[in-house]
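**Student:** Below: one structure in structure tokens.
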Amino acid sequence: MKEKLVLIGNGMAGVRTLEELFKHSDGDSKGSDIYDVTVIGAEPHPNYNRIMLSPVLASEKTIDDIILNSLDWYKENNVELVTGDAVSEINRVKQCVITESGKQIDYDRLLIATGSNPFIIPVPGAEKEGVIGFRDIHDVHTMLDAAQKYKKAVVIGGGLLGLEAANGLMKQGMDVTVVHLLDALMERQLDKTASEMLKLSLEQKGLSFMMQAQTAEIVGDKRVSAVKFADGSEVDADLVVMAVGIRPSIELAQKAGIYCERGVVVNDTMQTYDPKIYAVGECVQHRKECYGLVAPLFEQAKVAANHLAKIGSIRYQGSMISTKLKVTGIDLFSAGEFNEVDGDETLVMQDASCGIYKKLVIRDNKLKGAVLFGDTMDGTWYFQLMRDATSIADFRRTIMFGQHDVGDAGHGDVSRVMALPDSAEICGCNGVCKGDIVNAITKKGLFTLAEVQAHTKASSSCGSCTGLVEAILASTVGDGYDATPNKKAICACTEHSHDDVIDAIKKHELKSMQAVREFLEWKTPDGCATCRPALNYYLLARWPEEYQDDAQSRFINERAHGNIQKDGTYSVVPRMFGGLVKPDELRAIADVCDKYDVPEMKVTGGQRIDLFGVQKQDLPSMWKDLSAAGFVSGHAYGKAMRTVKTCAGKTWCRFGTQDSTGLGVKLEQLTWGSWMPHKFKLAVSGCPRNCAEATIKDFGVVAVESGYELLIGGNGGIKVRVTDLLTKVETEEQVLEYCAAFCQMYREEAHYLERTAPWVERVGLSSIRDRLLNNEIERSELVERFKLSQQYAQVDPWKARAEGKSSYEFTQLKIAG
Amino acid sequence: MSNWIEVVSLKDIPKLGSRVIDVNQMKIAVFRTSDDRVFAIKNACPHKGGPLSEGIVHGTSVTCPLHNWKIDLASGEAISPDHGCTNVFPVKIENGQVFIELLVA
Ligand code: SRM
Ligand SMILES: Cc1cc2nc3c(=O)[nH]c(=O)nc-3n(C[C@H](O)[C@H](O)[C@H](O)COP(=O)(O)OP(=O)(O)OC[C@H]3O[C@@H](n4cnc5c(N)ncnc54)[C@H](O)[C@@H]3O)c2cc1C
Ligand code: SF4
Ligand code: FES
């Protein structure tokens, strides 16, 4: 017999918990393996996206657009659904709930997610017809109805909700006055300047404001006709929307004797004082905080589901929140402590004529708060910096101008994305248009980037459109999307992040994939195509002497040591150290091409030759021939050291200051064969004219008269990033030493599939520099470890396979059926 | 009519790996899971025909090497949110030898 789980409140937090719970069940079965689930909701609707009531009110969306879980969803997941009936009593002794209509439903576990109620100011007349809150579909219908029949609306409350209500009612043709008790709008999210700018732009849109006005009475017969203020003045009103705040809905829990303060008090597992009863959402109080935005509620849902599913591996530790205002045409973002206190520094940028204002509050080199008005593009990034408490010392000078390496992703601010037509192509790799993405989000109720990637494939390849997709997500679902999860799990097989895994392998001396998965409680027995290659790499990098590489955890390119082509053939790129080549070698390559009917040869961007269209079964014998001519694998297929690009240098070039070609060969001899978190490219230029493009390489060298400038963290790919200067050295030996140390630091610390450019930005140039330049011991230990691992890595994989290694990989079985 | 044909020894398929069988010009990929179950499936991804044999095997599914669709080995169906299906063939193991059943017209 399954246990009975009852959910009170068919709203965003409660149903999200169920969705998270169902994810923990066995693959095939829908719903939950452990529970028979019943949901009781006071509203007569399936779960909808409450956030989107504002756009519905503004006629930018319909109710249908905002349904998150259709009635079919409940059926498919075997969820018993009661709508339009509220729970009136929880009987904890009998373990049942009783509804207004008299239904009695038993539970083994109960989940309370009753949300909150709008606060109605207790002034005389507040109960009159035409006085409402702004909370649910019913309120929206009441407002839309009123807009048909009446002209004058008053919204009490100049916060987020009030302004969105006012904007909607104005769009419906009403004259709207916003009444606010204080002298600044959205005072909890904005500083004075931003608040003034907001007021100005809303006035330009047609709203009127009465600031510092205290409501004293609602005037009228049966229906409201005016609002009267403490100073005796009055404004006419046919509709009054009270949006002065919300109160967690706790009466039910309180009546049942469950401990409540402002909200239902829960611990870090979302459990109330009654261990059978859990609570999530706005009705909850956790570590003294009550939340009124969905992002934290969704984090709570994840935790509650984890415990209801009896896994019990995660805890909720509170959330940092950010706010955006959903009034079309106004971009506003706020997060953290945006009003500076003594000792804080503030950076401010203000361009009144463009309507842009940005303020960042900095304390001890960390970003503490941000208010953005007019250009909110970088809100997500700033928020991430705050949550991660990243030191901003390295990019303080440019932080105001946004994320340094955003590339294409940097042009996608929400309103600019909104303006794009549905046919605009967002993801160039997978040919996904804006319309497809919006459709998938609304029809399938997607909330996260990962979900959009899975359903539409947008941003799932090269990732350069991620910013655009996030912007579309934000504009389509509102703030609910979780752009910046606290800690990114490697994949769905685990809750652990890359850093957790790297640390655990080192600290607990885990030496096999099995050991890692057991120690960190992986949810799947063999992992998946995302985590296996990562674990394989981490283990190989940490234990080069002992770890047995696992071929089945490598992508096919690395398993077959060639790039798989769209037709299933492979390409072969022999290594040409430093781009140098001899006539015999060229002849050997030409012979191989003739012998195996290679359909196409091409000089690559990495100064060597690519042979395309080779049949898989021909690879070993072709490699054998190449090996005989002295070639080794170019690793053009691997998350590995790739090429060293060189220029002509001092030997020939009239400007050359050093032997760049010779140094390139030495660097390639040092580093070839090394497995890396991602691919790794080097270049050596003989003078600052930089013909080898060393300034966009992972490790670049620019020779000058007095020595060599060492450059790190460049990238010429999806997001171009120019290198940073690591240091300047005088001898070739020093170049080789620093190169080995840098490689090893990257190999040990970066996340799998993170190139040096994002890695340098994540950990900060100054920390890398500090350790490589100022700590001689650490540097020489890094060099030692690199050289040790190279002893095992510099084995030509082609030669090994030509001699028979993994022969099953290259032979097909022919059978007459 | 149908017939069972012997294709390969279990030990010659790497765990979490595959072998490709060429039967009358048709390529069939035979996969072995970590718990030694064997599945046979047409070696063409429902997306764009990618060679599934070259993918990474996990549980009872394989991730296509070309664009990362996940295919269920038992049913040949793409795992949601992707849609599509490729042929599967019945498999039996006797005395360490793997047999697959082919339909003969
Ligand atoms: C063969 C080559 C193109 C050419 O004909 O010149 C090439 C071919 C591919 N590149 Fe490249 N890249 C080649 C030079 C480059 C360069 C130029 C360079 O190295 O100087 C770049 C930009 C520089 C850089 O990496 O910073 C480049 C940036 C990329 C990227 C983007 C990487 C990034 O971090 O932004 C990818 C995608 C990836 O790695 O995930 C990529 C991925 C690919 C793949 C492996 C796509 C794939 O996953 O199948 C292509 C394989 C084709 C094939 O079937 O053989 N290729 N690729 C070049 C091989 C050079 C070599 O000798 O090894
Ligand atoms: C107009 C509007 C705009 C918003 N905009 C944003 C935004 O931009 N960003 C953001 O993050 N958040 C926004 N929010 C807040 C967000 O919608 C809420 O934080 C979220 O919906 C709370 O989820 P919940 O499950 O706790 O409560 P709800 O979604 O309110 O669900 C609670 C449900 O429980 C039901 N219920 C209550 N008592 C009982 C009972 N006794 N028996 C049965 N059922 C009961 C209620 O009827 C309700 O359906 C907005 C809210 C509104 C109203
Ligand atoms: S070779 Fe590089 S740029 Fe050209 S299509 Fe392939 S991945 Fe794209
Ligand atoms: S061909 Fe298999 S995912 Fe594209």
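**Student:** Filtering the range A:493-540 down to residues that are in contact (Cβ under 8 Å) with a residue 40 or more places away in the chain, within 20 Å of A:Ser674 (Cα to Cα) and within 13 Å of chain B (Cβ to nearest Cβ), which residue is farthest from the chain's Cα centre (by Cα)?
**Tutor:** The residue in question is A:Pro533.
Conditions (1) within 16 Å of ligand 2 (Cβ to nearest atom); (2) farther than 26 Å from A:Ser54 by Cβ, marked per residue:
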residue	(1), (2)
A:Ala304	yes, yes
A:Lys310	no, yes
A:Tyr316	yes, yes
A:Ser322	yes, no
A:Val327	yes, no
A:Asp331	yes, no
A:Phe338	no, no
A:Ser353	no, yes
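**Student:** Is at least one residue of the range A:126-141 assigned to a helix (DSSP H, G or I), touching a residue at least 60 places away in the same chain (Cβ under 8 Å), crowded, with 19+ Cβ neighbours inside 10 Å and under 40 Å from the mean Cα position of the chain (by Cα)? Steps first, answer last, please.
**Tutor:** To start, the set of residues in the range A:126-141 that are assigned to a helix (DSSP H, G or I) comprises A:137-141.
This time we only want the ones that are touching a residue at least 60 places away in the same chain (Cβ under 8 Å), so: A:137-140.
Now narrow it down to the ones that are crowded, with 19+ Cβ neighbours inside 10 Å: A:140.
Retained after the next criterion (residues that are under 40 Å from the mean Cα position of the chain (by Cα)): A:140.
Scanning the range A:126-141 turns up at least one residue that is assigned to a helix (DSSP H, G or I), touching a residue at least 60 places away in the same chain (Cβ under 8 Å), crowded, with 19+ Cβ neighbours inside 10 Å and under 40 Å from the mean Cα position of the chain (by Cα).
**Student:** Continuing with the same structure: Give the residue that is surrounded by the fewest Cβ atoms within 10 Å (Cβ to Cβ), with candidates limited to residues of the range B:16-35 that are facing chain A (nearest Cβ under 7 Å), in a loop (DSSP other than H, G, I, E, B) and not hydrophobic (A, V, I, L, M, F, W, C).
**Tutor:** Filtering the range B:16-35 for residues facing chain A (nearest Cβ under 7 Å) gives B:16-17, B:19-24, B:34.
Filter once more, so that each one left must be in a loop (DSSP other than H, G, I, E, B): B:16, B:24, B:34.
Pick out the ones that are also not hydrophobic (A, V, I, L, M, F, W, C) and you get B:24, B:34.
On the way: B:Asn24: 9, B:Ser34: 16.
Among those that are facing chain A (nearest Cβ under 7 Å), in a loop (DSSP other than H, G, I, E, B) and not hydrophobic (A, V, I, L, M, F, W, C), it is B:Asn24.
**Student:** Then there is this: Take the residues in the range A:86-112 that are part of a strand (DSSP E or B), touching a residue at least 60 places away in the same chain (Cβ under 8 Å) and closer than 20 Å to A:Lys2 by Cβ, then tell me which one is nearest to ligand 4 (Cβ to nearest atom).
**Tutor:** A:Leu111
**Student:** Name the residue, out of A:Ser59, A:Ser54, A:Ser32, A:Ser70, that is crowded, with 19+ Cβ neighbours inside 10 Å, more than 14 Å from ligand 2 (Cβ to nearest atom), more than 14 Å from chain B (Cβ to nearest Cβ) and hydroxyl-bearing (Ser, Thr, Tyr).
**Tutor:** A:Ser32
**Student:** Any residue in the range A:673-693 that is closer than 29 Å to A:Lys595 by Cβ, touching a residue at least 24 places away in the same chain (Cβ under 8 Å) and either of a type outside the set (Val, Ile, Thr) or crowded, with 19+ Cβ neighbours inside 10 Å (or both)? Can you show your working first?
**Tutor:** Just the residues of the range A:673-693 that are closer than 29 Å to A:Lys595 by Cβ, to begin with: A:673.
Right, trim to touching a residue at least 24 places away in the same chain (Cβ under 8 Å) and you get A:673.
With either of a type outside the set (Val, Ile, Thr) or crowded, with 19+ Cβ neighbours inside 10 Å (or both) added as a condition, the list becomes A:673.
Yes, because at least one residue in the range A:673-693 is closer than 29 Å to A:Lys595 by Cβ, touching a residue at least 24 places away in the same chain (Cβ under 8 Å) and either of a type outside the set (Val, Ile, Thr) or crowded, with 19+ Cβ neighbours inside 10 Å (or both).
**Student:** Name every residue in the range A:772-802 that is closer than 25 Å to A:Met622 by Cβ and without any contact (Cβ under 8 Å) to a residue 24 or more places away in the chain, in order of residue number.
**Tutor:** Result: A:Ala800, single match.
**Student:** Residues of the range A:287-302 being within 13 Å of ligand 2 (Cβ to nearest atom), in a loop (DSSP other than H, G, I, E, B) and of a type outside the set (A, V, I, L, M), which ones?
**Tutor:** A:Cys290, A:Tyr291, A:Gly292
**Student:** Any residue in the range A:314-328 that is of a type in the set (A, V, I, L, M, F, W, C) sitting within a Cβ distance under 7 Å of a residue that is within 9 Å of ligand 2 (Cβ to nearest atom)? List the pairs, counting only those 6 or more apart or interchain.
**Tutor:** A:Ile321/A:Tyr291; A:Ile321/A:Leu293; A:Ile321/A:Ala295; A:Ile321/A:Pro296; A:Leu325/A:Leu160; A:Val327/A:Glu164
**Student:** What are the residues in the range A:541-553 that are in contact (Cβ under 8 Å) with a residue 24 or more places away in the chain and at the interface with another protein chain (Cβ under 9 Å from one of its Cβ atoms), if any?
**Tutor:** A:Asp550, A:Ala551, A:Ser553
**Student:** Same structure, new question: Would you mind stating whether A:Gln744 is surrounded by fewer than 16 Cβ atoms within 10 Å (Cβ to Cβ), more than 14 Å from every other protein chain (Cβ to nearest Cβ) and of a type outside the set (A, V, I, L, M, F, W, C)?
**Tutor:** no
**Student:** Would you confirm, using the coordinates I've provided, whether B:Asn43 is more than 22 Å from A:Gly527 (Cβ to Cβ), buried (at least 20 other Cβ atoms within 10 Å of the Cβ) and free of Cβ contacts under 8 Å to residues at least 60 places away in the same chain? Break it down into steps so the answer makes sense when it comes.
**Tutor:** Working: more than 22 Å from A:Gly527 (Cβ to Cβ): yes; buried (at least 20 other Cβ atoms within 10 Å of the Cβ): yes; free of Cβ contacts under 8 Å to residues at least 60 places away in the same chain: yes.
So B:Asn43 passes the test.
**Student:** Let me ask you something else. Of all strands (runs of 3 or more DSSP E) completely enclosed by the range A:231-286, which ones contain at least 1 residues that are crowded, with 24+ Cβ neighbours inside 10 Å and under 34 Å from the mean Cα position of the chain (by Cα)?
**Tutor:** Because the criterion is at least 1 residues that are crowded, with 24+ Cβ neighbours inside 10 Å and under 34 Å from the mean Cα position of the chain (by Cα), the strands (runs of 3 or more DSSP E) in the range A:231-286 that meet it are A:246-248, A:264-266, A:277-279, A:284-286.
**Student:** When you go through (1) more than 8 Å from chain A (Cβ to nearest Cβ); (2) outside any loop (DSSP other than H, G, I, E, B); (3) not acidic (Asp, Glu) one by one for B:Cys45, which number turns out not to apply?
**Tutor:** (2)
**Student:** Of all residues in the range A:557-584, how many are at pLDDT 95 or above, outside any loop (DSSP other than H, G, I, E, B) and either over 15 Å from A:Tyr637 (Cα atoms) or β-branched (Val, Ile, Thr) (or both)?
**Tutor:** Count: 6.
**Student:** Has the range A:617-629 got any residue that is part of a loop (DSSP other than H, G, I, E, B) and at pLDDT 95 or above?
**Tutor:** yes
**Student:** Would the range B:72-92 turn up any residue that is within 12 Å of chain A (Cβ to nearest Cβ) and over 29 Å from A:Thr456 (Cα atoms)?
**Tutor:** For the range B:72-92, residues within 12 Å of chain A (Cβ to nearest Cβ) and over 29 Å from A:Thr456 (Cα atoms): present.
**Student:** Just need a number here: residues in the range B:81-94 that are without any contact (Cβ under 8 Å) to a residue 40 or more places away in the chain and touching a strand residue (DSSP E or B) at 6+ places or on another chain (Cβ under 9 Å).
**Tutor:** Number of matching residues: 5.
**Student:** Turning to a different aspect of this structure: How many residues does the range A:597-630 contain that are under 20 Å from A:Asp796 (Cβ atoms), within 13 Å of ligand 1 (Cβ to nearest atom) and not aliphatic (A, V, I, L, M)?
**Tutor:** Count: 5.
**Student:** Here is a further query. Those residues that are among the acidic types (Asp, Glu), more than 10 Å from chain B (Cβ to nearest Cβ) and either closer than 30 Å to B:Ile5 by Cβ or exposed (fewer than 14 other Cβ atoms within 10 Å of the Cβ) (or both), I need them from the range A:781-817; list them, please.
**Tutor:** Residues satisfying the conditions are A:Glu781, A:Glu784, A:Glu803.
The values are calculated or read from the model by the stated rules, or taken from the named source; none is laboratory data. These figures come from a predicted structure and were not determined experimentally. Note: ideal-geometry Cβ built from the backbone for every residue, glycine included; neighbour counts use all protein chains shown.
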